[in-house]
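Student: Have a look at the structure that comes next, please.
The values are calculated or read from the model by the stated rules, or taken from the named source; none is laboratory data. Predicted, not measured: the structure shown is a model, and the values here were computed from it. Here the Cβ positions follow ideal geometry from the backbone for every residue, glycine too, while neighbour counts run over all protein chains shown. Note: accessible area is taken over every heavy atom of the protein model, side chains too, but ligands, DNA and RNA are not part of it. Shrake-Rupley method; radii C 1.70, N 1.55, O 1.52, S 1.80 Å.
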Amino acid sequence: MQGLMMDQPLTISALLTFAEQNHGESEIVTRTVEGPIHRHTYRDAARRSRQLAGALQRLGVRDGDRVGTLAWNTHRHFELYYGVSGMGAVLHTINPRLFPDQIAYIIGHAEDSFLFFDLTFLPLVEQLAPKLRGVRGFVAMTDRAHMPTSALHGLLCYEDLLAAEDGAFAWPKLDENAASSLCYTSGTTGNPKGVVYSHRSTVLHSWAVCMPDAMGLSSTSVILPVVPMFHVNAWGLAYAGPMSGAKLVMPGAGLDGERLCEMLRTEGVTFSAGVPTVWLGMLAYMDAHPEIKLPALKTLLIGGSAMPRAMLEVFETKHGIDALHAWGMTEMSPIGVVGRLLPKHAGWPRERRLAQQAKQGRAVFGVEMKIVDDDNRSLPRDGKAFGNLKVRGPWIARSYFRGEGGEILDKDGWFDTGDVATIDADGYMQITDRSKDVIKSGGEWISSIDLENVAVGFPGVAEACVIGVPHEKWGERPLLLAVCKPDQTIDTTALLAFFDGKVAKWWRPDEALVVKELPHTATGKLLKAKLREQFRAHRLPNTAAR
Ligand code: AMP
């Protein structure tokens, strides 16, 4: 017997239509690339997204065509999210921090028909243009007054395109499984691979992230997505905003501590999200400016790489802000787990509670997780056993664009995340490493993330990275690389002694070196492969003890 409910497709345009009709006056506030703060509402954005869809249709963009963007978090990028996907085309958000050759590669691989870009990226687009033969037109995301002079072939002006449309465009009824957007993973080896989201996966993911135990968003929220709209759809916030009716504050290119703090304060932001590196910058700025107060800011969602426990403590004790850990991947739209506590944790001693909060978190409904050994046998959920983390769910990729990388699911439909983790009896998952970054000493695994967490708690350490270095006896031993805070010094002997009592004795790094900076990927993760290569021949002092 079948249920008798309507088969209404879950589509992205419905999110904005909902916001237009029910939260029409909620604002979208943007620090524009041109400089001034721009304000409009979901009602305005809905009209302008329809104008954009009309313009795209006029330009000849058809169902399934890819439209690329090289853009910051702004109101115009938001309109592209809805205008492009809403009309049935596929929004391809491009990470401008990738190497230019990789950008040219993914634009060609995606076969982008048009490329929309912020003025910041004009030099990059001009440099790439000779390689972008398939791109039919370039659109500068600005108004007539700010249009640059450029030799770019057929350069169009965003605001001119919109001005020529009346906004009467009617969103088509799309197949909910149709592709809506495309984002390439920033793999550390090989070419980036495309993850193709659908309307259905996007709407389901939005629902999940709005839930109280996930991001907990509502019409009373004021959201500032620091995480870029070119990195997994700003972790879903550009969709969850209209679904919840929250006010959106778009920081544009202003991601430094000063401009972030200004937007957070003046717009009364309650919720923000980004990678640990951004918050390190903000904390340093707040340290230097103790007069800055952010009374409205309740929650910072921190993910993309492990949130150091020291960060959690500083935000809580010094600033009264909840640092909420989360984990996910481009292949997972991206949210998999969020680290909200359960009622029972309120009664736990502080240290134990903080250790729980430092874990990446519990699965949101829709995401199934398990850990397995190298023979694919399930490991216990005891918070101790660690193994390869596999996931399954309706917003998790089943294949990469054009089948790159071949079959990516096992025979039971699980996706191997490439992360190594523990899961405890309450379902809290804790990442111990990327499988390729885990340090194997004497056949046992050492978590580089745990060691980095300890290191950043040591005075003077701004950032830390632990890698395995070849070792005659143990196979590999940990080497700690630390970046010093400005105007401070690090006593490396004391730093190594700092590990005593915090981790197993044989986990303690064999050596600590102070380095000027650490290399990062285009999404802000430590580029450990590069460091391993650099220190491959490094001889550790003869201290390894197990
Ligand atoms: P991306 O697809 O660029 O978002 O990268 C996904 C990968 O980032 C995951 O597989 C993890 O290795 C890492 N990652 C994301 N969030 C966290 C986190 N909270 N803690 C540790 N690693 C994380």
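Student: What are the trypsin sites (Lys or Arg not before Pro) within the range 65-171 that DSSP puts in a loop, where the Cβ has at most 16 other Cβ atoms within 10 Å? Walk me through the intermediate numbers first.
Tutor: On the way: sites: ARG66, ARG76, ARG97, LYS131, ARG133, ARG136, ARG144; in loops: ARG97, ARG133, ARG136.
Loop-located and lightly packed - ARG97, ARG133, ARG136.
Student: State the percentage of accessible surface on the range 437-534 attributable to carbon and sulfur atoms; use a 1.4 Å probe and exclude ligands, DNA and RNA.
Tutor: 51
Student: I've got another one for you. Starting from the amide H of GLU463, placed 1.01 Å from N in the peptide plane, find each other amide H under 5 Å away whose residue is 5 or more places distant or on another chain.
Tutor: VAL483
Student: I would also like to ask the following. Pop out the ³J(HN,Hα) list for the range 205-217 in order, Karplus 6.51 cos²θ - 1.76 cosθ + 1.60 with θ = phi - 60°, rounded to Hz; leave Gly and Pro as x.
Tutor: Each residue of the range 205-217 in turn: 4, 4, 4, 5, 6, 6, 4, x, 7, 9, 7, x, 9 Hz.
Student: So what is the calculated 222 nm ellipticity per residue for the chain, using -39500 (n - 2.57) for each DSSP H run with n of 4 or more, over all residues, to the nearest 500 deg cm²/dmol?
Tutor: Value at 222 nm, helices only: -8000 deg cm²/dmol.
Student: Consider all pairwise Cα distances in the chain and report the whole-number % of them above 40 Å.
Tutor: 24
Student: With every protein chain kept in place and ligands, DNA and RNA left out, what is the accessible area per residue of the chain? Probe 1.4 Å, answer in Å².
Tutor: 42
Student: Determine the percent antiparallel among the DSSP beta bridges restricted to the range 437-534, to the nearest 5. Please report the intermediate quantities before stating the final value.
Tutor: Values: 15 of 21 bridges.
Of all bridge pairs located within the range 437-534, approximately 70 percent are antiparallel.
Student: Which listed residue (ALA129, ALA89, LEU341) has the Cα farthest towards the positive end of the charge dipole for the chain, taking +1 on Lys and Arg C-beta and -1 on Asp and Glu C-beta about the Cα centre?
Tutor: LEU341
Student: Of the peptides 10-22, 148-160, how do they stack up when ordered by the mean number of other Cβ atoms within 10 Å, highest first?
Tutor: On the way: 10-22: 20.8, 148-160: 14.5.
Those peptides, ordered most packed to least, come out 10-22, 148-160.
Student: Another question, then. What FRET efficiency do you get for ASP7 and GLU517 if R0 is 56 Å and r is their Cβ-Cβ distance, rounded to the nearest 0.05?
Tutor: Step by step, r from the Cβ atoms, then E = 0.55.
Student: Within straight cross-link reach of LYS516, meaning Cα distance under 20 Å, which lysines are found once same-chain residues fewer than 8 apart are removed?
Tutor: Result set, ordered by chain and number: LYS485, LYS525, LYS528, LYS530.
Student: For helix 100-110, what angle does its Cα long axis make with the longest principal axis of the chain, in degrees from 0 to 90 and rounded to 10?
Tutor: Value to nearest ten degrees: 60.
Student: Let's test the formula: R0 of 30 Å, r as the Cβ-Cβ distance of LYS440 and TYR105. What FRET efficiency results, to the nearest 0.05?
Tutor: Taking R0 as 30 Å, the efficiency between LYS440 and TYR105 is 0.35.
Student: Rounded to the nearest Å, what's the spacing between the alpha carbon centres of the range 179-257 and the range 454-477? Just the number, please.
Tutor: 33
Student: So, with +1 on the Cβ of K and R and -1 on the Cβ of D and E, and no other charges, what is the size of the charge dipole of the range 190-347 about its Cα centre, to the nearest 20 debye?
Tutor: 380
Student: Report, in whole Å, the centroid distance computed from the Cα atoms of the range 80-151 and the range 278-301.
Tutor: 33
Student: For the chain, with only Lys/Arg (+1) and Asp/Glu (-1) charged at the beta-carbon, what is the dipole magnitude about the Cα centre, in debye rounded to 20?
Tutor: Values: 58 positive and 61 negative charges, 123 e Å.
In total the dipole reaches around 600 debye.
Student: How high is the relative contact order of the range 17-201, in percent, counting Cα pairs under 8 Å that sit 6 or more residues apart?
Tutor: 21
Student: Work out the length of the dipole vector of the range 17-201 about its Cα centre, built from +1 on the beta-carbon of each Lys and Arg and -1 on the beta-carbon of each Asp and Glu, and round it to the nearest 20 debye.
Tutor: Taking the Cα centre of the range 17-201 as origin, the dipole is about 260 debye.
Student: Among 167-179, 199-211, 112-124, how do they line up from the highest to the lowest mean number of other beta-carbon atoms within 10 Å?
Tutor: 199-211, 112-124, 167-179
Student: Here's something else I'd like to know. Name the long-range amide H neighbours of PHE230: under 5 Å, sequence gap of 5 or more, or other chain; modelled H, no Pro or chain starts.
Tutor: Residues meeting the criterion, in which the H sits 1.01 Å from N, do not exist here.
Student: Continuing with the same structure: Cα axis of helix 42-58 to longest principal axis of the chain: angle in degrees, 0 to 90, nearest 10?
Tutor: 70
Student: Among bridges DSSP assigns within the chain, what percent are antiparallel (round to 5)?
Tutor: 55
Student: Would you mind classifying the range 165-217 by shape? Square roots of the alpha carbon gyration tensor eigenvalues, ordered a ≥ b ≥ c; an a/c under 1.5 is rounded, otherwise it is prolate if a/b is larger than b/c and oblate if not.
Tutor: oblate
Student: To the nearest 10 degrees, how steep is helix 12-22 against the longest Cα principal axis of the chain, on a 0 to 90 scale?
Tutor: For 12-22 against the chain, the angle is about 80 degrees.
Student: At a Cα cut-off below 17 Å, give the aspartates and glutamates reachable from LYS411, other chains included and same-chain residues fewer than 8 away excluded.
Tutor: Candidates past the 8-residue exclusion: GLU368, ASP373, ASP374, ASP375.
Student: Taking a cut-off of 23 Å between Cα atoms, list the lysines near LYS298, but don't count ones fewer than 8 places away on the same chain.
Tutor: The reachable lysines, counting only those whose Cα sits under 23 Å from LYS298, are LYS247, LYS318, LYS344, LYS359.
Student: Ranking request for peptides 84-95, 413-424, 350-361: highest mean number of other beta-carbon atoms within 10 Å first, then the rest in descending order.
Tutor: Listed from highest to lowest mean packing, they are 84-95, 413-424, 350-361.
Student: Say the dipole of the chain comes from +1 at the beta carbon of Lys and Arg and -1 at that of Asp and Glu; which of PRO148, VAL232, SER305 then lies farthest toward its positive end?
Tutor: Looking along the dipole axis, the top candidate is SER305.
Student: Hey, another quick one. Suppose a student asked you for the relative contact order of the range 437-534, using Cα pairs under 8 Å spaced at least 6 residues apart; what percent would you report?
Tutor: The normalised contact order for the range 437-534 reaches 27 percent.
Student: In nm, to one decimal, how far is the modelled label at LYS173 from the one at ASP416, with both set 7 Å along Cα→Cβ?
Tutor: Result: 4.4 nm between the two label points.
Student: Could you pull out every residue, at least 5 positions away or on a different chain, whose amide H is within less than 5 Å of the one on GLY216? Hs are placed 1.01 Å off N in the peptide plane, and Pro or chain starts have none.
Tutor: The list, which skips near neighbours in sequence, is MET211.
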